[in-house]
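Chemist: Encoded as structure tokens, here's the structure I'll be asking about.
Every number here is computed from the coordinates shown, using simple stated rules; none is lab data. It should be emphasised that the depicted structure is a prediction, and the values quoted were computed from it without experimental measurement. All Cβ positions, glycine included, derive from the backbone under ideal geometry; neighbour counts span all protein chains shown.
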Amino acid sequence: MPKIHVFEKHTEQYESWFEKHKDMYEAELKAVKKLLPEFKNALEIGVGSGRFASPCGIAQGIEPSPAMAEKARKKGLRILEGVAEKLELKSKTFDLALMVTTICFVDRALDSLKEAYRVLEPGGFLLLGFVDANSELGKLYESKKDTSIFYGDAVFYSTDRLVTLCRQAGFGNFAFCQTLLGDNPEKPDLHVKDGYGQGGFVVLRAQRPR
């Protein structure tokens with residue numbers, strides 16, 4: 001069962017985070033764009049309200065929450081309501097699949113990654129943006145799960161764990177960048193740098209072999 005109830009009930013509160021923390025959002029977006037490959041036909045899985053797809057030039061997405069899907073449509077995006085574990089899409093269709101802060105909310109991470117692999121063309125890329133469980137930000141979110149509206153049902157993954165799952169799904173050729181750096185997750189360094197292990201927000205790029 002997709003974890004959409006909080007997004008249906010608290011849509012406006014979710015949206016307000018991006019305005020209240022605009023600097024962090026822009027740092028995350030910059031990190032995503034740093035590893036964004038050239039593409040002709042891209043999809044965001046778990047597109048939400050289109051906060052990442054739209055500025056990245058991605059015109060279509062999958063979203064399980066009707067309320068969030070409607071907000072994305074108002075940005076001009078083509079949205080299919082559905083879940084990451086079972087994409088109602090043809091195989092080998094896209095050259096890029098983006099997932100930003102989605103993997104922590106899916107019911108079955110490996111199945112979701114296998115579906116992303118299936119709908120990608122050979123040579124296509126998967127971009128995952130996520131909160132690293134081993135980071136100070138990840139530890140903070142984990143410690144507040146009992147009181148958090150949005151992260152109560154979330155499952156946070158370390159970067160190494162997601163690499164393992166991506167390999168199991170068939171992906172290779174990994175690249176990484178990170179932001180929200182440092183030991184104070186409430187006042188992070190907003191620079192974007194290569195690699196992982198220092199940032200609360202990590203972008204992982206993987207490729208389906210040609």
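Chemist: Which residue out of Ser91, Ser54 is surrounded by fewer than 23 Cβ atoms within 10 Å (Cβ to Cβ), farther than 26 Å from Asn173 by Cβ and small (Gly, Ala, Ser)?
Modeler: Sole residue among the options that is surrounded by fewer than 23 Cβ atoms within 10 Å (Cβ to Cβ), farther than 26 Å from Asn173 by Cβ and small (Gly, Ala, Ser): Ser54.
Chemist: Considering (1) assigned to a loop (DSSP other than H, G, I, E, B); (2) over 17 Å from Ala27 (Cβ atoms), say which one Gln168 fails and leave the rest.
Modeler: (1)
For (1) part of a helix (DSSP H, G or I); (2) more than 30 Å from Lys40 (Cβ to Cβ); (3) under 16 Å from the mean Cα position of the chain (by Cα); (4) touching a residue at least 24 places away in the same chain (Cβ under 8 Å), each residue gets a yes or a no:
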position	(1), (2), (3), (4)
Ser112	yes, no, yes, yes
Ala116	yes, no, yes, yes
Pro122	no, no, no, yes
Phe125	no, no, yes, yes
Thr147	no, yes, no, no
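Chemist: With the requirement that a residue be over 22 Å from Ser54 (Cα atoms) and of a type in the set (S, T, N, Q), what does the range 78-111 give you?
Modeler: Listed by number, the list holds a single entry, Ser91.
Chemist: Within the range 177-201, track down each residue that is crowded, with 21+ Cβ neighbours inside 10 Å and in a strand (DSSP E or B).
Modeler: Cys177, Gln178, Thr179, Leu180, Leu181, Gly199, Gly200, Phe201
Chemist: Also, I was wondering about something else. Among the residues of the range 47-85, which ones are assigned to a loop (DSSP other than H, G, I, E, B) and free of Cβ contacts under 8 Å to residues at least 24 places away in the same chain?
Modeler: Listed by number, the residues that qualify are Ser54, Gly57, Ala59, Glu63, Gly76, Glu81, Gly82.
Chemist: Something else now. Answer yes or no: is there a residue in the range 140-152 that is surrounded by fewer than 22 Cβ atoms within 10 Å (Cβ to Cβ), within 24 Å of Lys30 (Cβ to Cβ) and in contact with a Ser or Thr (Cβ under 9 Å, 6 or more places away or on another chain).
Modeler: Looking through the range 140-152, at least one residue is surrounded by fewer than 22 Cβ atoms within 10 Å (Cβ to Cβ), within 24 Å of Lys30 (Cβ to Cβ) and in contact with a Ser or Thr (Cβ under 9 Å, 6 or more places away or on another chain).
Chemist: Using the structure shown, decide if Pro37 is loosely packed, with under 15 Cβ neighbours inside 10 Å, within 25 Å of Ser148 (Cα to Cα) and not polar (S, T, N, Q).
Modeler: No; evaluated as a whole, the condition is false for this residue.
Chemist: Select, from Ala97, Ala116, the only residue that is aliphatic (A, V, I, L, M), out of contact with any helix residue (DSSP H, G or I) (no Cβ under 7 Å at 6 or more places or on another chain), buried (at least 24 other Cβ atoms within 10 Å of the Cβ) and within 18 Å of Ala206 (Cβ to Cβ).
Modeler: Answer to the selection: Ala116.
Chemist: Taking into account only those residues within the range 20-29 that are under 18 Å from Lys187 (Cβ atoms) and in a helix (DSSP H, G or I), which is farthest from the chain's Cα centre (by Cα)?
Modeler: This residue is Lys20.
Chemist: Within the range 130-148, track down each residue that is among the aliphatic types (A, V, I, L, M) and either in contact with a helix residue (DSSP H, G or I) (Cβ under 8 Å, 6 or more places away or on another chain) or farther than 17 Å from Ile103 by Cα (or both).
Modeler: Val131, Ala133, Leu140 - these are the residues of the range 130-148 that are among the aliphatic types (A, V, I, L, M) and either in contact with a helix residue (DSSP H, G or I) (Cβ under 8 Å, 6 or more places away or on another chain) or farther than 17 Å from Ile103 by Cα (or both).
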